[in-house]
1. Condition check: out of contact with any Leu (no Cβ under 9 Å at 6 or more places or on another chain), in a helix (DSSP H, G or I) and either modelled with pLDDT of 85 or more or buried (at least 21 other Cβ atoms within 10 Å of the Cβ) (or both). Does Met172 satisfy that?
2. Does the range 21-43 include one or more residues that are at negative phi, at pLDDT 85 or above, of a type outside the set (Asp, Glu) and surrounded by fewer than 17 Cβ atoms within 10 Å (Cβ to Cβ)?
3. Return the residues of the range 127-153 that are of a type in the set (A, V, I, L, M), in a helix (DSSP H, G or I) and within 13 Å of the chain's Cα centre (by Cα); say none if nothing qualifies.
4. Please work out which one of (1) surrounded by fewer than 23 Cβ atoms within 10 Å (Cβ to Cβ); (2) at pLDDT 70 or above; (3) closer than 23 Å to Ala50 by Cα is the condition Gly181 fails and give its number.
5. Answer yes or no as to whether Asp57 is charged (D, E, K, R), surrounded by fewer than 13 Cβ atoms within 10 Å (Cβ to Cβ) and at pLDDT below 90.
6. Among the residues of the range 89-122, write down those that are modelled with pLDDT under 75 and either buried (at least 23 other Cβ atoms within 10 Å of the Cβ) or at positive phi (or both).
7. For the range 131-161, which residues satisfy the criterion of being within 21 Å of Thr65 (Cα to Cα), touching a Lys or Arg at 6+ places or on another chain (Cβ under 7 Å) and aliphatic (A, V, I, L, M)?
8. Those residues that are assigned to a helix (DSSP H, G or I) and either over 16 Å from the mean Cα position of the chain (by Cα) or on the phi > 0 side of the Ramachandran plot (or both), I need them from the range 72-86; list them, please.
Amino acid sequence: MTKFVAIIVGVILFITLPFFIFGEQIELFFAGDGVVSWLREFDSFAWAAAIGLLVADLAIPVPTTAVMAALGMVYGPVLGGFIGGLGSIISGLVGYGLCRQLGRPLALWLNGERGLQEGEKIFLRLGGWIVALSRWVPVLSEVVACMAGLSRMSFPVFLAALVCGSVPLGFMFAIIGHLGGEYPLITLVLSALLPFLLWAVVRPYLKS
């Protein structure tokens, strides 16, 4: 377990390092209506720019919930929620794919096969729950997607759990943006509970 913890710490440090370097500049950009104005500059391609930001969160500190809320303001709660959920799914797939194909050799070199086997056992038992519930937690969502890839979590199971976590998140924060943030606490609670409920329904139909 010690080696697997070392892998997790390494992934966390790699993902959070840009927060310490560019965090202040990014925060200023997303303050107020900055992200909404920026998206509207892309006119009919604002959706693509938003998805690009959500995927870029793997490498730079993008406040993904602010982007999803901005999508609700630009496109409304339905289309904005769909785009936000899709962007979160694509981001998770990119993190999973890159770490599964490119990150595993480095992890093997640093920690050996035994360290990764520990992770594979964890994701075999609890991977679906971890992926689904992690999507609404900043930073943790990227870390979990990367760890799922490193641990060779079953792709169908990963994708199903990713959808269960990402879709409610996208719609909930699009609703927040559309309504002007009138009920942020309620939407936060719902965005946390819906992935859990969706995965509980989907899980019996999937082989881990």
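1. Working: out of contact with any Leu (no Cβ under 9 Å at 6 or more places or on another chain): no; in a helix (DSSP H, G or I): yes; either modelled with pLDDT of 85 or more or buried (at least 21 other Cβ atoms within 10 Å of the Cβ) (or both): yes.
For Met172, the condition - out of contact with any Leu (no Cβ under 9 Å at 6 or more places or on another chain), in a helix (DSSP H, G or I) and either modelled with pLDDT of 85 or more or buried (at least 21 other Cβ atoms within 10 Å of the Cβ) (or both) - is not met.
2. Yes; the residues of the range 21-43 include at least one that is at negative phi, at pLDDT 85 or above, of a type outside the set (Asp, Glu) and surrounded by fewer than 17 Cβ atoms within 10 Å (Cβ to Cβ).
3. Ile130, Val131, Ala132, Leu133, Leu140, Val143, Val144, Ala145, Met147, Ala148
4. Only one criterion is unmet by Gly181, namely (2).
5. Criteria not met by Asp57.
6. Residues satisfying the conditions are Ala107, Gly112, Gly119.
7. Result: no residue meets the conditions.
8. Matches in the range 72-86: Gly72, Met73, Val74, Tyr75, Pro77, Val78, Leu79, Gly80.
The values are calculated or read from the model by the stated rules, or taken from the named source; none is laboratory data. Since the structure is predicted, the reported quantities are computational estimates derived from the model, not experimental observations. Methodologically, a virtual Cβ is constructed for each residue, glycine included, from the backbone with ideal geometry; neighbour enumeration extends over all protein chains shown.
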